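The block underneath contains the structure these notes are about, expressed in structure tokens.
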Amino acid sequence: DVTPDADNGAGVDLATCESQGAGHASLCHRWVDEDFDPSQRAYYYLRVLENPTCRWSVRQCLENGYDCQNPTTNLDRDCCDPVVGLNRTACTDVACENTDLLTEHEARCCLPPVELTIQERAWTSAIWYTP
């Protein structure tokens with residue numbers, strides 16, 4: 001790893017989708033393969049992890065002004081859904097021990113929630129070594 005501490009303070013404000021924290025402006029590192037054997041083939045590549053960003057659905061909800069207090073549109077219902085939306089507080093009093101006793105909406109609170117942020121990953125093309 002180029003940075004031994006992956007927690008660089010970067011985050012995202014879910015109310016605005018604005019990035020928080022500086023992250024790293026640039027990274028530079030020299031790495032040496034201690035097990036390199038010039039008589040054997042090898043390949044190397046780099047992997048990177050982006051700072052967190054809002055999931056596209058969160059951006060869509062914020063840009064279109066969803067309303068969980070008076071959900072009248074499909075967008076409101078989707079954005080306020082406790083599993084995939086921004087209204088996670090709707091599930092605070094739901095007991096999931098017996099989902100047969102819950103309404104359909106309450107039962108959705110017992111499903112694993114979709115993460116509201118994502119971190120993109122990327123990698124370079126391989127660098128091949130042939131003796």
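At a glance:
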read-out: Residues (in contact (Cβ under 8 Å) with a residue 24 or more places away in the chain and either in contact with a His (Cβ under 8 Å, 6 or more places away or on another chain) or surrounded by fewer than 10 Cβ atoms within 10 Å (Cβ to Cβ) (or both)) located in the range 32-57; value: PRO38, SER39, ARG41, ARG47
read-out: Check on CYS79, of a type outside the set (A, V, I, L, M) and farther than 30 Å from TYR129 by Cβ; value: yes
read-out: For LEU75: the one exception among (1) under 18 Å from SER57 (Cα atoms); (2) modelled with pLDDT under 85; (3) not hydroxyl-bearing (Ser, Thr, Tyr); value: (2)
read-out: Subset of the range 15-46 that is under 32 Å from the mean Cα position of the chain (by Cα) and among the hydroxyl-bearing types (Ser, Thr, Tyr) - its residue that is nearest to LEU62 (Cα to Cα); value: THR16
read-out: Selection count, the range 109-125, where residues are outside any strand (DSSP E or B), of a type in the set (A, V, I, L, M, F, W, C) and more than 18 Å from VAL94 (Cα to Cα); value: 1
read-out: Cβ-Cβ under 9 Å pairs, at least 6 apart or on other chains, the range 60-72 side farther than 14 Å from VAL84 by Cα and polar (S, T, N, Q), far side modelled with pLDDT of 85 or more and assigned to a loop (DSSP other than H, G, I, E, B); value: ASN64/THR73
read-out: Residue within the range 60-71 that is of a type outside the set (Ser, Thr, Tyr), part of a strand (DSSP E or B) and modelled with pLDDT of 90 or more present; value: no
read-out: ARG108, sole failed condition from (1) closer than 22 Å to VAL12 by Cβ; (2) surrounded by 15 or more Cβ atoms within 10 Å (Cβ to Cβ); (3) charged (D, E, K, R); value: (1)
read-out: Test: residue in the range 42-52 that is part of a loop (DSSP other than H, G, I, E, B) and touching an Asp or Glu at 6+ places or on another chain (Cβ under 7 Å); value: yes
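The values are calculated or read from the model by the stated rules, or taken from the named source; none is laboratory data. Everything numeric here is computed off the predicted structure, so don't read it as measured data. Here the Cβ is made from the backbone with ideal geometry for all residues, glycine too, and neighbour counts use every protein chain on show.
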